[in-house]
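Since the structure comes first, as structure tokens, the remarks are kept for the end.
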Amino acid sequence: MPELPEVEVTRRRIGPLLVGRRIREVRTTRDSRLFLTRPTKLRARLRGRSVAALGRSGKYLLAEFDDGARLVVHLGMTGQLFSSAAASPRLLSATRRASLTPEAQGDFRPDAHTHLQLRFEDGGPQVFLRDVRKFGKVLLLEPGESHPRLARLGLDALETTGESLFAALRGRKAPIKAMLLDQALLSGVGNIYADEALFRAGVRPARRAGRVTRLECERLAAAIREVLERSIETGGSSIRDYITPDGSDGFYQDERRVYARGGEPCLRCGSKIRRITIAQRGTHYCPSCQS
Ligand SMILES: [Zn+2]
């Protein structure tokens, strides 16, 4: 699932391809669970608008238009927002990929999973939203309009401080890992980053959140920012369906120390990494390095 770093990488790469450009035409697939705003309305409403900014709130991308309307995009499990300049054969089915010459494999043609196509008046690169499993969301907010999903979001994970984390965790009985995944507390920390940050901070994921000390909160906040920033630098994780908007794969997965390494030796001490389940999510930690 794309997490905050992947969404931020998407924002930084796609932003320059959107900002200042006027939309000539919007093509969509049929109405489905993906569209919180009906496709017919999107097509009519966005035509002729130009994009003023591409922002992010937690894992939501927010394209702001010249009239103050905002298009909210959540990438769900398999969403990809990229431009027609993108080149990754991974976007194509195996049979289609095999039928192309190596030179042609870079060309993306919108398919049944391409739910949004933005064409621009300048005739330059189009921007696509593709989502195979359709757990993503697309929503248009009129000027000044808000949405409960956005209003509920906690502090942006990239701006976490030890002090704010410590304050938020007081009296909480849930495991610290579950609290880190709670988007109302901290927006944008997903499963991989929660496990990695807890490892770096030396805190066991099952610890009762309210018992994590002030000092540990300092270490944990620093670790959260560090793993997220490092992942943004390397282009995000590239697990399963995620690809970066320009079609290249992310590299963060090569830096994982505990996530998805259950049964393997800890890179720091050699103990076997354990895998447990917390908040229905696979959770990985070192029993020696984390207490
Ligand atoms: Zn260890």
Any idea what the relative contact order of the chain is, in percent, if you count C-alpha pairs under 8 Å spaced at least 6 apart?
20
Computed over the chain: longest principal axis from alpha-carbon atoms vs helix 4-18 long axis, angle to nearest 10 degrees, is 20
7 Å from Cα along Cα→Cβ at both Arg149 and Ser32: what's the point-to-point distance in nm?
1.5
Quick check: the distance between the Cα centres of the range 1-31 and the range 66-85, to the nearest angstrom?
4
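Assuming a ≥ b ≥ c are the square roots of the Cα gyration tensor eigenvalues, decide whether the range 1-92 counts as rounded (a/c under 1.5), prolate (otherwise, with a/b larger than b/c) or oblate.
Numbers: a/c = 1.38, a/b = 1.21, b/c = 1.14.
Cα axes put the range 1-92 in the rounded bin.
Going by average Cβ neighbours within 10 Å, how do the peptides 158-169, 138-149 rank, with the highest at the top?
Ranking the peptides 158-169, 138-149 by packing returns 158-169, 138-149.
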Working with all protein chains in place, sort Tyr285, Tyr259 by solvent-accessible area computed with a 1.4 Å probe, largest first.
Tyr259, Tyr285
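What does the convex hull of the Cα atoms of the range 109-165 come to per residue, in Å³, rounded to a whole number? Could the numbers behind the result be given before it?
On the way: hull volume 10.3 nm³, N = 57.
Each residue corresponds to 181 Å³ of Cα convex hull volume.
Note down the magnitude of the dipole of the chain about its Cα centre, charges +1 on Lys and Arg C-beta and -1 on Asp and Glu C-beta and zero elsewhere, to the nearest 20 debye.
On the way: 51 positive and 33 negative charges, 232 e Å.
Magnitude of the dipole: close to 1120 debye.
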Say the cut-off is 23 Å between C-alpha atoms; which of Lys137/Lys177; Lys41/Lys137; Lys137/Lys173; Lys59/Lys173 go over it?
Lys137/Lys177; Lys137/Lys173; Lys59/Lys173
Percent of C-alpha pairs per 10 Å bin, the range 20-74, short to long:
24, 52, 24
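Per residue of the chain, what 222 nm ellipticity follows from adding -39500 (n - 2.57) for every DSSP H run with n ≥ 4, rounded to the nearest 500? Don't skip to the answer; put the middle values down first.
Details: 8 runs with 77 residues, N = 291.
Counting only the DSSP helices, I get -7500 deg cm²/dmol.
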Go ahead and run the numbers for FRET between Ala260 and Arg214, Cβ-Cβ distance against an R0 of 30 Å, rounding to 0.05.
0.45
What do the square roots of 5 times the Cα gyration tensor eigenvalues come to for the chain, in whole Å, largest first, as semi-axes of the equivalent ellipsoid?
36, 23, 15
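Carbon and sulfur: what percent of the chain's accessible surface (1.4 Å probe)?
Values: 6300 of 13020 Å².
Exposed carbon and sulfur together represent 48 percent of the surface.
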Cα gyration tensor, the range 169-225 - rounded (a/c under 1.5), prolate or oblate
rounded
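Share of antiparallel DSSP beta bridges in the chain, in percent to the nearest 5?
90
The values are calculated or read from the model by the stated rules, or taken from the named source; none is laboratory data. On a predicted model such as this, the values are computed, not experimentally measured, just so you know. All Cβ positions, even for glycine, are placed from backbone atoms using ideal geometry, and neighbour counts span all protein chains on display. All accessible areas refer to the heavy atoms of the entire protein, side chains included, with ligands and DNA or RNA removed. Shrake-Rupley method; radii C 1.70, N 1.55, O 1.52, S 1.80 Å.
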